[in-house]
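Working notes, beginning with the structure itself.
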Amino acid sequence: MEENIKIKTILSGIKPTGQLTIGNYIGAMKNFIRLQDDYDALYMVVDLHALTVPQDPKELRQKTLSVIAQYIAVGLDPEKSTLFIQSHVTGHTELAWVLGCLTGLGELSRMTQFKDKSAKPGANINAGLYTYPILMASDILLYNADLVPVGDDQKQHVELTRDIAIRFNHRYSDTFTVPEPVIPKSGARIMDLQDPLSKMGKTDSGESGRIALIDDPAVVAKRIKSAVTDSGTEIIYSDKDEKAGIRNLLTIYSNLSGIQVADLEAKYAGKGYGEFKKDLADIVTQSLSPIKQKHDELMKNKDYLDEVLRNGAEKAQNKAWKMLSKVYRKTGLVQLKR
Ligand code: AMP
Ligand code: TRP
């Protein structure tokens, strides 16, 4: 029956800890764009998550707005998707408290991201870094999201979210939708250009290892030309560690051009890395130039961004309040009569 068909909800978030990279774009944002037409889509900038590492307040404000501008610049349409800032909606941290009381310390200790981050020399291991996945579960469950588009490194956090949702539903009664991650088959883990066995990260990679969506074209071309490859000559996609550099570049090329990897292998058979990198630099700059241009224009129009964020926060807040009060009721917290 028509009236029983509920439009599914899709939700994701990105931390404003640095400039967005082509890893964010290929691993997550391309799916944000692809899915916004068919779902009730909510995309946020998770500024509270960014506080798990020390931030300069002025820069954090600037970076948060820049991520919103980049959301719009890559093709997220504020008329179709709810674009908002996590801290503009009350409910994320409140639900996180309830969910935290259902999460085991052992579960949090098993999170790879926490283990990696806390193992770094001189790491600032604060409680927020540890409880980070609970806030992420809250982001997702607060809106009953069905689908969560993310890169490979976030799969474990979405799995923990599923476990928490199932636990709550079991302990109280059916409340939360158990979400599914949406992870691309190709490009779920774009690697550092200088160290192709490590993930390209906004802050983890050095400048020459990453490409930002709003880098200047000349910088992009230079980074690609100096990307680490191997001492061989073959442009082939192989699982071998020594081919990690070329494998990563082929993945980037394929995702940005839409050409299958096998067709790229055929196109570059018998050709050198130099020619391949030159073409790839053209593909990447062509893909990114309009994004940078649009971003730079939007950053000059703060009134427009403000309006988008105001609308986004209002829509998200309405949903969040309903869900939070349902959760408080189900858990036995007394509600005042209206
Ligand atoms: P973050 O930059 O950690 O806030 O990540 C935002 C989104 O981008 C998450 O869904 C990540 O999984 C995804 N992501 C980040 N870096 C990469 C990468 N190098 N390759 C693919 N996806 C990524
Ligand atoms: N933890 C995610 C990351 O580091 C960001 C994030 C926070 C997120 N809340 C979310 C992603 C909710 C998807 C859904 O990339």
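The values are calculated or read from the model by the stated rules, or taken from the named source; none is laboratory data. Model, not experiment: these values are computed from the prediction. Methodologically, a virtual Cβ is constructed for each residue, glycine included, from the backbone with ideal geometry; neighbour enumeration extends over all protein chains shown. Accessible surface is based on the protein model in full, side chains and every heavy atom, while ligands, DNA and RNA are left aside. Shrake-Rupley method; radii C 1.70, N 1.55, O 1.52, S 1.80 Å.
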Taking each full run of DSSP H in the chain as one helix, which ones are at least 15 Å long along their axis (Cα atoms) and have mean Kyte-Doolittle hydropathy of at least 0.5? 127-141
Along Cα→Cβ, 7 Å out, is where each label goes; now give me the distance between the ones at residue 155 and residue 307 in nm to one decimal. 4.2 nm
If I take the Cα coordinates of the chain and project them onto the principal axes, what are the three extents in Å, biggest first? 75, 50, 45
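What order do you get for 19-30, 143-154, 310-321 when each peptide is scored by the mean count of other beta carbon atoms within 10 Å, highest first?
19-30, 143-154, 310-321
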Residue separation times 0.36 nm, minus the C-alpha to C-alpha distance between residue 97 and residue 219: what's the value? 39.5 nm
Given R₀ = 35 Å, FRET efficiency for residue 231-residue 90 by Cβ-Cβ distance, to 0.05? 0.05
With a 1.4 angstrom probe the carbon and sulfur portion of accessible area for the chain, in percent, totals 51 percent
Whole-number accessible area per residue in Å² for the stretch 140-199, which is evaluated in the context of all protein chains at 1.4 Å: 43 Å²
For the stretch 207-297, state what percent of all Cα-Cα pairs lands in each successive 5 Å bin, counting from 0 Å until the bin that includes the largest distance. 2, 14, 25, 25, 18, 10, 4, 2, 0
Using 11 Å as the cut-off for backbone N distance, which residues of the stretch 63-104 belong to the label zone defined by a point 7 Å from the Cα of residue 330 along Cα→Cβ? none
Under the rule of at least 5 residues apart or a separate chain, name every residue whose amide H is placed under 5 Å from the amide H of residue 182. 148, 150
With only helices counted (DSSP H, runs n ≥ 4, each -39500 (n - 2.57)), the per-residue ellipticity at 222 nm for the chain, to the nearest 500, works out to -16000 deg cm²/dmol
What does the net charge come to around residue 166 if you take all other residues with beta carbon closer than 14 Å to its beta carbon, with K and R at +1 and D and E at -1? -2
Compute the relative contact order of the chain as a whole-number percentage, counting only Cα pairs closer than 8 Å that sit 6 or more residues apart in sequence. 23 percent
How much accessible area does residue 140 have with a 1.4 Å probe, in Å² rounded to the nearest 10? 0 Å²
What are the equivalent ellipsoid semi-axes of the stretch 28-179, built from the alpha-carbon gyration tensor (square roots of five times its eigenvalues), in whole angstrom, biggest first? 24, 22, 14
Let me check I've understood the local charge: for residue 324, count other residues with C-beta under 14 angstrom from its C-beta, Lys and Arg +1, Asp and Glu -1. What total comes out? +3
Could you name the lysines in cross-link range of residue 240, using Cα to Cα under 25 Å and dropping any fewer than eight places away on the same chain? 155, 185, 199, 225, 267, 271, 277, 278
Kindly sort 114, 276 by accessible area of their heavy atoms, largest first, with the probe set to 1.4 Å. 114, 276
